[in-house]
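I have placed the structure first, in the form of structure tokens, so that the comments after it can refer back to it.
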Amino acid sequence: MMTTRRDFLRAASAAAILSPVLVRGGSDNLGKVLPQRVFGRNGEKVTAFGLGGHHVGVAKDAKVAQALIERALERGVRFFDNAVMYQNGLSETFYGKFLTPKYRDQVFLTTKSVRTTATEARQDFEDSLGRLKTDHVDLWQMHAFLSVEDVKERIANGVVDLFLEMREKKKARYIGFTGHSSQEAHCYFLDFCKEKGYQMDSCLMPVNLVDPHYDSFLIHVLPKLQEQKISLLAMKSMVFGKIFARGKELAPGVITPKNLHEYVYSLPVSCMLSGCETVAQVDENTAILENFQSMDDERRKDLLAAVEKISGPSLEYYKNKKS
């Protein structure tokens, strides 16, 4: 589905609508804290950059994982993402070994379950708490919506009810959902929640420069999130890194980590999650946020126009499951 010119400009100007204020500076008993934004409806703040859990376990090396976690903390990151499926639980195990024993009270800890039945999702949650060595998470998410049918299956099998129950019992302070395959699935779920009066706290979805040109999450999902006051969490800001190869077709300087991150931060995003495989990447990503200057509408439009010719299904290959 290609966007219209009107949709294209609307996405370029989305930051003007309910954009969270970036609170600069600050510190806690661990040291400096990165700039923060509001998460949820009660005014709680989280760091605007979060460490993605997938890459923490990629090397399957405890020393690498420990170095990433400790460098992120040193650089002021306080939002730590994870999921049961990341390296078959190894990423959660590393958090349980190197993050929560010392730093649980200072961090915003999340995990996810991809299960489509309440029984399986409940087991995932219990396993997650065990690996993470905590009695609760700050955010638990229904992970990786694939299609409208996938969402319908989870609803019918009691998954949504379970998530609501875990929030009510304060085992999960917040609940949300994620997905990168189908904006239609997100829209269906949001419409369902609105009809039922169910309040979700967050949505994790792709937010990047090429998204508005093809089957766009920003254009179709973002307005519904803002209407329901659901916090937006951003992923795939660099399109899994594939945008750098395609970006060679563009003018020099268009595709840079700084441009890609600042585009995301200029939108109404509470936190951008990014996987880092080296401490150097942690340093680079956090430095961009520390020095961030808001991107105005004209700059956003120029960058969006520049990437139009490389956008589409061959680049955003993860948008491959339809309703």
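Figure the gain on full extension for Glu153 and Lys60 (residue separation times 0.36 nm, minus the Cα-Cα span) and round it to one decimal in nm.
30.2 nm
Taking R0 as 35 Å, what FRET efficiency do you get between Lys309 and Glu227 from their Cβ-Cβ distance, rounded to the nearest 0.05?
0.60
Which of the three applies to region 200-308, rounded, prolate or oblate, going by the alpha-carbon gyration tensor with a ≥ b ≥ c and a/c under 1.5 meaning rounded?
oblate
Using the Karplus curve 6.51 cos²θ - 1.76 cosθ + 1.60 with θ = phi - 60°, work out ³J(HN,Hα) for each residue of region 88-95 in order, rounded to whole Hz, and write x for Gly and Pro.
6, x, 5, 4, 5, 4, 5, 4
Using a Förster distance of 51 angstrom, determine the FRET efficiency expected from the C-beta separation of Asp296 and Gln106, and round it to 0.05.
Details: r = 34 Å, r/R0 = 0.67.
So, using R0 = 51 Å, E works out to roughly 0.90.
For Leu164 and Lys97 in one chain, what is 0.36 nm times their gap in residues minus the Cα-Cα distance, to one decimal in nm?
Going from the current span to full extension adds 21.3 nm.
Suppose the chain between Thr119 and Tyr317 were pulled fully straight at 0.36 nm per residue; how much longer would it get relative to their current alpha carbon spacing?
Extra length from Thr119 to Tyr317 when fully extended: 68.1 nm.
With a/c under 1.5 counting as rounded, go ahead and sort region 274-323 into rounded, prolate or oblate using the C-alpha gyration tensor (a ≥ b ≥ c being the square roots of the eigenvalues; past the cut-off, prolate if a/b is larger than b/c, else oblate).
Oblate is the answer for region 274-323, as a/c is 1.5 or above yet b/c matches or exceeds a/b.
Spin-label point model (7 Å from Cα, Cβ direction): what's the Glu195 to Arg24 distance in nm?
4.7
Any idea what the dipole of region 229-323 comes to, in debye rounded to 20, about its Cα centre with Lys/Arg Cβ at +1 and Asp/Glu Cβ at -1?
With only Lys, Arg, Asp and Glu charged at Cβ, the dipole is about 580 debye.
Got a sec? Which residues in region 279-310 would a label at Glu249 touch, if it sits 7 Å along Cα→Cβ and we count backbone N under 19 Å?
So the set is 302-310.
Please report the relative contact order for region 133-225, taking Cα pairs under 8 Å with a sequence separation of at least 6, and give it as a percent rounded to a whole number.
It rounds to 31 percent for region 133-225.
If Lys and Arg each add +1 and Asp and Glu each add -1, what is the summed charge of the other residues whose beta carbon sits under 10 Å from the beta carbon of Glu316?
So the environment of Glu316 carries a net charge of +1.
Order of Met235, Met85 from fewest to most other C-beta atoms within 10 Å?
Met85, Met235
How would you rank Leu99, Leu250, Leu162, going from fewest to most other Cβ atoms within 10 Å of each one's own Cβ?
On the way: Leu99 28, Leu250 16, Leu162 23.
Taking fewest neighbouring Cβ atoms as first place, the list is Leu250, Leu162, Leu99.
Calculate the length of the line joining the C-alpha centroid of region 281-323 to that of region 85-160, in whole Å.
27
Based on Cβ point charges of +1 for Lys and Arg and -1 for Asp and Glu, what charge dipole magnitude is obtained for region 148-274 about its Cα centre, in debye rounded to the nearest 20?
It comes to approximately 480 debye.
Suppose only helical runs count, i.e. DSSP H with n ≥ 4. What mean residue ellipticity at 222 nm does that imply for the chain under -39500 (n - 2.57) per run, divided by all residues and rounded to the nearest 500 deg cm²/dmol? Intermediate results must be reported in sequence, preceding the final value.
Working: 14 runs with 129 residues, N = 323.
Rounded to the nearest 500, the figure is -11500 deg cm²/dmol.
Show the residues, 5+ positions off or on another chain, whose built amide H is closer than 5 Å to the amide H of Tyr174.
Leu139, Trp140
FYI, it's all coordinate maths here, none of it is from the lab. Here the structure is a predicted model, which means the values were calculated and not measured. Counting neighbours? That spans all protein chains shown, and the Cβs are built from the backbone with ideal geometry, glycine included.
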